[in-house]
Amino acid sequence: MSASGGTKAIVAALAANLAIAVAKFVAFLFSGSSSMLAESVHSLADSGNQGLLLLGGKKAKREATPQHPFGYGRERYIYAFLVSIVLFSVGGMFAIYEGYEKIKHPHEIEHWYWPVGVLVFAIIAETFSFRTAIQESNLTRGKQSWKDFVRHAKAPELPVVLLEDLGALVGLILALGGVSLALATGDGVWDGIGTLCIGVLLIAIAIILAAETKSLLLGEAAGLEAVEKIEAAIVDGDKVTRVIHMRTLHLGPEELLVAAKIAVEHDDTATEIATAIDAAESRIRAAVPIARVIYLEPDIYNQAEAARGADPEASPGGPVPTAGH
């Protein structure tokens, strides 16, 4: 997933959320609607979240240092995780508190045309942002379902923006429903119920984001397609006869570590083995360009020893099944 695609979606979402936050807060001042206040805080939190994603992308570009020899690619995961915390605390918990207060102390909505007009404007703006995120995601999603894309994407920005925009649209519909029912019945409790629903929605999205970014922070292997390409690139059938076992790890969304033990012929010279390893590394980088850190260890394959080895499923990134590991 390209960083540029994620950046375009983030900027579109940031512009939409800043405009919407101002409009919602003005509507709250004129109408006193708690849904409007919760939604203005939600949009402000979303704007801060997009700022965090942009900051994480900038910090991730720093050069590797002796203290951090593999670079700072995981900064993007850290800031995506912070987004889930902000969404949970600032967005979700505040909305639940505001909804609870409004249900306990309801009051009529004044100047109804302000919240209704702003909500319609916000729905249009969020739809534009959501459409941009969908278009950018489709460039890299391939044949994956949306659920699989969010679960398995190695770059966190687009899944985060997608879920935020989806939550914002559903939240706006809930807010419009709460305001409409409050106006129709003259009972401000409906406004509070709408606000409470927004809070529950935001917390649910925050939990999903936290779970997915936590997995990335812990370190995920390359996807199955990339693993297959790497395995095929390593084996040339001449000097490198098979992959004994292999592990892969994402150092960042666009940076992959590959570590493998490869089988070579027992009578190969050191020069021949070194040449074979260099050639294998070149083939790996050609097949999977994000494989930037590669460690290949030559060994003599022993079928009997391999048969006593660990279950191949126990190695993330997987050995070649035929290797017997």
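Looking at region 54-76, which of the residues that are in contact (Cβ under 8 Å) with a residue 24 or more places away in the chain and either touching a His at 6+ places or on another chain (Cβ under 7 Å) or over 19 Å from Glu220 (Cβ atoms) (or both) is surrounded by the fewest Cβ atoms within 10 Å (Cβ to Cβ)?
Going through the qualifying residues, I end up with Leu55.
Please work out which residue is modelled with the lowest pLDDT, limiting yourself to region 287-319 and to residues that are open to solvent by 80 Å² or more (accessible area, probe 1.4 Å) and under 26 Å from the mean Cα position of the chain (by Cα).
Among those residues, the one meeting the criterion is Glu313.
Among residues belonging to region 80-125 that are among the charged types (D, E, K, R) and within 17 Å of Gly177 (Cα to Cα), point out the one that is surrounded by the fewest Cβ atoms within 10 Å (Cβ to Cβ).
Glu110
Answer yes if at least one residue in region 87-95 is closer than 20 Å to Lys24 by Cα, in contact with a Gly (Cβ under 8 Å, 6 or more places away or on another chain) and modelled with pLDDT of 85 or more, and no otherwise.
Within region 87-95, one or more residues are closer than 20 Å to Lys24 by Cα, in contact with a Gly (Cβ under 8 Å, 6 or more places away or on another chain) and modelled with pLDDT of 85 or more.
Output the number of residues of region 146-184 satisfying the condition of being open to solvent by 50 Å² or more (accessible area, probe 1.4 Å) and within 24 Å of Gly252 (Cα to Cα).
Final tally of qualifying residues: 5.
Counting only residues that are under 17 Å from Gln50 (Cβ atoms), give me the helices (runs of 4 or more DSSP H) lying completely in region 98-203 with at least 2 of them.
Once the helices (runs of 4 or more DSSP H) in region 98-203 are filtered for at least 2 residues that are under 17 Å from Gln50 (Cβ atoms), what remains is 113-141, 157-185.
Scan the strands (runs of 3 or more DSSP E) fully inside region 221-307 and keep the ones with 3 or more residues being among the hydrophobic types (A, V, I, L, M, F, W, C) and free of Cβ contacts under 8 Å to residues at least 60 places away in the same chain.
255-264
What are the residues in region 135-145 that are in contact (Cβ under 8 Å) with a residue 24 or more places away in the chain and surrounded by fewer than 24 Cβ atoms within 10 Å (Cβ to Cβ), if any?
Within region 135-145, Ser137, Leu139, Thr140 qualify.
The values are calculated or read from the model by the stated rules, or taken from the named source; none is laboratory data. Everything numeric in this text was worked out from a predicted model, so none of it was measured. Please note: Cβ atoms are built from the backbone with ideal geometry, for glycine as well, and neighbour counts cover all protein chains shown. Heavy atoms of the whole protein, side chains included, go into the accessibility calculation; ligands, DNA and RNA do not. Shrake-Rupley method; radii C 1.70, N 1.55, O 1.52, S 1.80 Å.
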